[in-house]
Amino acid sequence: MSAQASVLFDAPGPIARRRILLANLVALAAVLTVAVLVLIQMNATGQLSGRRWLAAVDGDAWRNYYLPGLQFTLQSAGIAVVTSVVFGLVFGFLRLAPFGPMRWLAAVVVEFFRAVPVLVMMVFFYQLFAQVARTGAIQPQDGPYYAVIAALTLYNGSVIAELVRSGVRSLPRGQREAAAAVGMTSMQSLRLVEVPQALIAMLPSLLSQFVVILKDSALGYLIGFFELLQYARQLGSGNGNILQSLVVAAVIFIVINFLLTWAATRLSRRLSSRTAGDASTPTTPLVGASTATAA
């Protein structure tokens, strides 16, 4: 058998690579030229003046706009992270249950909420909570807040449920067989052996989904939820520096997402290094767990 790997297309030769490089350089130069022209025009009209930048980063902007907006953004995203994980674990377990009807029902719920755009769900829950507010159960101004959390929970919880299912299915079959060998039931094997290992394996994807939750919370401004983006737009509209205010809000989002990604990477490496030493004896924890249970 030939050892040569098959490809879907021929690899470009020296002349083709030079043409591709030239086309990329031309496109980059065109983009930079347009950006420079736009900045020159904006500077000529005073849009890039230092006064506008100072008004976007002074103490009043942070105290009355950025910090309150950041508080609501982190608060809604934090609650949505917790509820999404709970939803994902519950329906991830149900999708792996040994009962066919339970798996089918969980699959319908997960696939439905994965298919519906999160903005559509925000609008739906906004209308729903508006009707609830008329009964006096909640305050009308709290409707957008609850709508954002509910939509983020259902959408991202469904994605996490699929991560749990695929993570467990990707584990070696020997893990389930070892759990059965020490007397564990299917649900005990899932709860004590398979899902904990799958959570470690899918940790980077899980933390990436948390970043998605944080960014998608900004969609709430379309239904009247006052978060960081909405506060930045208000600041820019009042001071005539909408560009500068949005740039500051974007930098805040970038910093938070970078810190979250950095923490996820370090945690993943630490967990991988701590579990790598037990790879040669994968059944030892199962035997120990069985002995402790029997005791």
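Heavy-atom accessible area of GLU111 with all protein chains present, probe 1.4 Å, nearest 10 Å²?
GLU111 has an accessible surface of roughly 80 Å² with all protein chains in place.
Would you tell me the accessible area of THR261, worked out with a 1.4 angstrom probe on the heavy atoms of the protein chains, in Å² to the nearest 10?
Here the accessible area works out near 70 Å².
Sort ILE160, ILE200 by heavy-atom solvent-accessible area, probe 1.4 angstrom, most to least.
Output order, biggest surface exposure first: ILE200, ILE160.
For the range 73-81, take each phi angle, set θ = phi - 60°, evaluate the Karplus expression 6.51 cos²θ - 1.76 cosθ + 1.60, and give the result in whole Hz per residue in order, putting x for glycine and proline.
Result, rounded to whole Hz: 5, 5, 5, 5, 5, x, 5, 5, 4.
Is the C-alpha gyration tensor of the range 203-261 telling us rounded, prolate or oblate? Criteria: a/c under 1.5 is rounded; beyond that, a/b larger than b/c is prolate, otherwise oblate.
Here the range 203-261 falls in the oblate category.
Counting only protein chains, not ligands or nucleic acids, how are TYR146, TYR66 ordered by accessible area (probe 1.4 Å), most first?
TYR146, TYR66
Whole-Hz Karplus ³J(HN,Hα) for the range 143-160, in order, using 6.51 cos²θ - 1.76 cosθ + 1.60 and θ = phi - 60°, x for Gly and Pro?
These are the phi-based 3J(HN,Hα) values: x, x, 4, 5, 5, 5, 5, 5, 5, 5, 5, 5, 5, 6, x, 5, 5, 5 Hz.
From largest accessible area down, sort MET102, MET121; use a 1.4 Å probe on the protein chains.
My answer, sorted largest first, is MET102, MET121.
Dipole of the range 1-104, Cα-centred, from +1 at each Lys and Arg C-beta and -1 at each Asp and Glu C-beta, to the nearest 20 debye?
200
For the range 1-116, report the convex hull volume of the alpha-carbon atoms normalised per residue, in Å³, without decimals.
282
Compute the distance in nm between two label points, each set 7 Å from the Cα along the Cα-to-Cβ direction, one at LEU222 and one at ALA44.
Rounded to a tenth, the inter-label distance reads 3.6 nm.
The values are calculated or read from the model by the stated rules, or taken from the named source; none is laboratory data. Quick caveat: nothing in here was measured; it's all calculated off a predicted structure. Ideal geometry is used to build each Cβ from the backbone, glycine not excepted, and the neighbour counts take in all protein chains shown. Just so you know, the surface numbers come from the protein's heavy atoms only, side chains and all, with ligands and any DNA or RNA stripped out. Shrake-Rupley method; radii C 1.70, N 1.55, O 1.52, S 1.80 Å.
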